[in-house]
């Protein structure tokens, strides 16, 4: 089923850190990180997707959503091709205690555990860790500088 998927992601910042989930791609034997969010459902606004996904994944509410831009993400994951249009937002967590937690355990829609953590932007810039989607790090650096 080859189709383009619309996704809304939200970047939560904590000084030089961003909130990301840790993923693993078997085919590449690669650990990677991506901001939280997910697929936009038919008839749903992207901002509402961010609200829904964060509530489902780590049971938090978000506020102060601000649109940062759009990224295209064409990739293979575990041998399958994907094509996504990703709307990227900046936001704040209502539960400020989340900013103090090193690791947050949540749940994926399929029931799998979701490991969420604060990662330094420098770690991605130095190539120590991989941040997806491609172009996100540059987008964040440009919005910080602006």
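The values are calculated or read from the model by the stated rules, or taken from the named source; none is laboratory data. All figures in this text were calculated on a predicted structure; none of them were measured in a lab. Cβ atoms come from the backbone with ideal geometry, glycine included; neighbour counts cover every protein chain shown.
Yes or no: region 128-144 includes at least one residue that is over 18 Å from residue 18 (Cβ atoms), touching a residue at least 60 places away in the same chain (Cβ under 8 Å) and more than 15 Å from the chain's Cα centre (by Cα). There is no residue in region 128-144 that is over 18 Å from residue 18 (Cβ atoms), touching a residue at least 60 places away in the same chain (Cβ under 8 Å) and more than 15 Å from the chain's Cα centre (by Cα). Exactly one residue out of 43, 38, 23 is farther than 22 Å from residue 141 by Cα and touching a helix residue (DSSP H, G or I) at 6+ places or on another chain (Cβ under 7 Å): that is 38.
Does residue 16 satisfy the criteria of being touching a residue at least 40 places away in the same chain (Cβ under 8 Å) and either on the phi > 0 side of the Ramachandran plot or exposed (fewer than 13 other Cβ atoms within 10 Å of the Cβ) (or both)? Yes, satisfied. Against the test of being over 18 Å from residue 21 (Cα atoms), touching a strand residue (DSSP E or B) at 6+ places or on another chain (Cβ under 6 Å), without any contact (Cβ under 8 Å) to a residue 12 or more places away in the chain and assigned to a strand (DSSP E or B), the options 85, 74 yield a single qualifying residue, 74. Any residue that is over 21 Å from residue 119 (Cβ atoms) and in a strand (DSSP E or B) - is there at least one of those in region 40-60? No: zero hits.
Counting only residues that are modelled with pLDDT under 90 and part of a loop (DSSP other than H, G, I, E, B), region 88-99 holds 1 of them.
Within region 100-123, being touching a residue at least 40 places away in the same chain (Cβ under 8 Å), part of a helix (DSSP H, G or I) and over 14 Å from the mean Cα position of the chain (by Cα) holds for one residue alone: 122. Confirm whether residue 121 is farther than 26 Å from residue 45 by Cα, modelled with pLDDT of 90 or more, out of contact with any strand residue (DSSP E or B) (no Cβ under 6 Å at 6 or more places or on another chain) and buried (at least 17 other Cβ atoms within 10 Å of the Cβ). The answer is yes for residue 121.
Do we have any residue at all in region 54-65 that's out of contact with any helix residue (DSSP H, G or I) (no Cβ under 9 Å at 6 or more places or on another chain), within 25 Å of residue 2 (Cβ to Cβ) and at pLDDT 95 or above?
Within region 54-65 (the criterion being out of contact with any helix residue (DSSP H, G or I) (no Cβ under 9 Å at 6 or more places or on another chain), within 25 Å of residue 2 (Cβ to Cβ) and at pLDDT 95 or above), the answer is no, since none of the residues qualifies.
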